[in-house]
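Structure first, commentary second.
The numbers here are math on the coordinates, done by the rules we state, and not lab data. What you are looking at is a predicted structure, and each value in this text was computed from that prediction instead of being measured. Positions of Cβ are backbone-derived with ideal geometry, glycine not excepted, and every protein chain shown enters the neighbour counts.
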Amino acid sequence: MSSTPVRFLTGITTSGTPHLGNYVGSIRPSVRASLTPGVQSFYFLADYHALIKIDEPERIQRSTLEIAASWLAAGLDPERVVFYRQSDVPEIPELTWFLTCVTGKGVLNRAHAYKASVDKNMANGADADSDVTAGLFMYPVLMGADILMFNAHHVPVGRDQIQHIEMARDMANSFNHRYGEHFVPPQAVIEESVATLPGLDGRKMSKSYDNTIPLFSSREQLKKLIAGIKTDSRAPGEPKDTEGSALFQIYQAFASEVETQALRQAYADGIAWGDAKQILLERIDQEVAPMRARYQHLIEHPEEVEALLLAGGKKARAIATPFMAKLRNAVGLRSLTTGATQAKPKAAKSSLPAFKQYREKDGKFYFKLADAKGVVLLQSLGLESPKTAGVSIGLLQKDGACALTALADQLKPVADPAAVLAALDALRAEAA
Ligand code: TRP
């Protein structure tokens, strides 16, 4: 039994000012999770990622300060966790390159963020890659490096990020296949219960809708913003619907069961919107006010935040530097004076995955793919001719994931697609 603690890792892109939605959906739950015993947590400011979206240096710097101060004010204890700035760990971009070299370009073509840009361009009749930087295209690989650098087991993310975690798993498997077991394939942790908070206009609170309430507004600002939350035109005394009420949903994200129940009753009893807004203001302020002083202090003393981040960066590098040295050695970036410089023969055939074709008693033709140890990864259904089987094997060898999808009706359900893709990769590498 290994005594390695479970490692959680999460990053926030330093591209904006944290709002109540970020707090409820990400900051508050992960600060709580960081207090769980037996868990090692990594929290970082994803400032390399910010460069993909933002070319205003002051904004990136300011956002880094604001997000760091928000985490700290919300109770993140930098003694307990590894709290760092991505760009203080130069091993991350180095690992990004290693992973770039084991990631299929076709896989990145299918990444949601890139595809969304392409689709938008096509809809506008523009060139597919118009205004798309290679940074946006490579973003999943940088994210893979963030995660694999610390061999995180669990990555708490929103639904929109699941695909990136799957890609990181594939990168881990492809690399391990070529160079030995170095990476733990990570898993996404989806917080089903995490509310997506509505914003002022009732749509999801998001910078892109310009409907946010900053987490650390002053009480006066908070009051003004809450006054602007969209309600209906029902007069005082008329019963009101909690369903679809942004005000109610925001309240619920802060209040206890009992408090929520009381407001539900008040809605039924016809509370005036002005009074409901006052109750919301008091409830949010009750939670935020104690953090506000700490936040203000940190914003006014960036040198304190800087010192904490540098100390966290040191902790991160205490892991990253030796790990990267091991990886460099594994891929062959080595001193010429250590170890054998003689080329080793390529892996013996028996240590590779293999396709096998055969005929069953039912007269049909079958194929399967087994890994080096003989574990069956992929199993076909009965096919009419050996030629069909041969063509399918050829397609799988050539096109990997695409062929896997295209041939779905010839195959039994695949238990572990990542393992199949890694095996196909290994066969391709061998053939190359
Ligand atoms: N891409 C994430 C986002 O936009 C931020 C991020 C970068 C991240 N690297 C990460 C999250 C690694 C989890 C793990 O929200």
- Note on the structure: Relative contact order in percent for region 155-218 (Cα pairs under 8 Å, 6+ apart) equals 27 percent
- region 349-431 - charge dipole about Cα centre, Lys and Arg +1 at Cβ, Asp and Glu -1, debye rounded to 20: 280 debye
- Query: Structure shown: which of Lys361/Lys387; Lys356/Lys398; Lys373/Lys398; Lys53/Lys105; Lys204/Lys315 lie over 27 Å apart, alpha-carbon to alpha-carbon?
  - Reply: Lys204/Lys315
- Query: Considering only the other residues whose Cβ falls under 10 Å of the Cβ of Asn211, what net charge follows from Lys and Arg at +1 and Asp and Glu at -1?
  - Reply: +2
- Stretched fully, the stretch from Thr405 through Glu58 gains (0.36 nm per residue minus C-alpha distance, one decimal, in nm) 120.4 nm
- Regarding the chain, what are the three Cα extents along the principal axes, ordered largest first, in Å? 78, 58, 52
- Would you mind telling me the antiparallel percentage of the DSSP bridges in the chain, rounded to 5? 45 percent
- Item | In nm, spacing of pseudo-spin labels at Glu181 and Arg32 (7 Å Cα→C-beta vector) | 3.5 nm
- Message: Quick check: pseudo-label points 7 Å beyond the Cα along Cα→Cβ at Asp241 and His112, how many nm apart are they?
- Response: 2.8 nm
- Item | Gained length - Val132 relative to Ser351, 0.36 nm times residue gap less alpha-carbon distance | 74.7 nm
- Task: Could you sort 120-131, 167-178, 277-288 so that the peptide with the highest average Cβ count within 10 Å comes first and the rest follow in order?
- Result: 167-178, 277-288, 120-131
- Task: Sum -39500 (n - 2.57) across every DSSP H segment of at least 4 residues in the chain, then divide by the residue count to get the 222 nm mean residue ellipticity, nearest 500.
- Result: -16000 deg cm²/dmol
- Residues of type lysines that Lys314 reaches as a straight line, Cα spacing below 19 Å, ignoring anything fewer than 8 places off in the same chain: Lys326
- How big is the charge dipole of region 249-400 about its Cα centre, in debye rounded to the nearest 20, if each Lys and Arg gets +1 on its Cβ and each Asp and Glu gets -1 on its Cβ? 1940 debye
- Item | Full-stretch length increase - Leu336, Val189 - with 0.36 nm per residue and alpha-carbon distance subtracted | 48.6 nm
- Contact order relative to length of the chain, as percent, for alpha carbon pairs under 8 angstrom and 6 or more apart: 15 percent
- Query: Once you list every other residue whose beta carbon is under 11 Å from the beta carbon of Ala128, what net charge do they have if Lys and Arg are +1 and Asp and Glu are -1?
  - Reply: -2
- Computed label-point distance, nm, for sites Val414 and Arg203 using a 7 Å Cα→Cβ extension: 3.7 nm
- If Leu51, Leu215 are placed from fewest to most neighbouring beta carbons inside 10 Å, the sequence is Leu51, Leu215
- Query: If you wrap a convex hull around the Cα atoms of region 139-186, how much volume per residue is inside, in Å³?
  - Reply: 60 Å³
- Query: Dipole size in debye (nearest 20) for region 74-122 around its Cα centre, Lys and Arg Cβ +1, Asp and Glu Cβ -1?
  - Reply: 420 debye
- Only Cα pairs under 8 Å and at least 6 apart count here; give the relative contact order of region 349-431 as a rounded whole percent. 28 percent
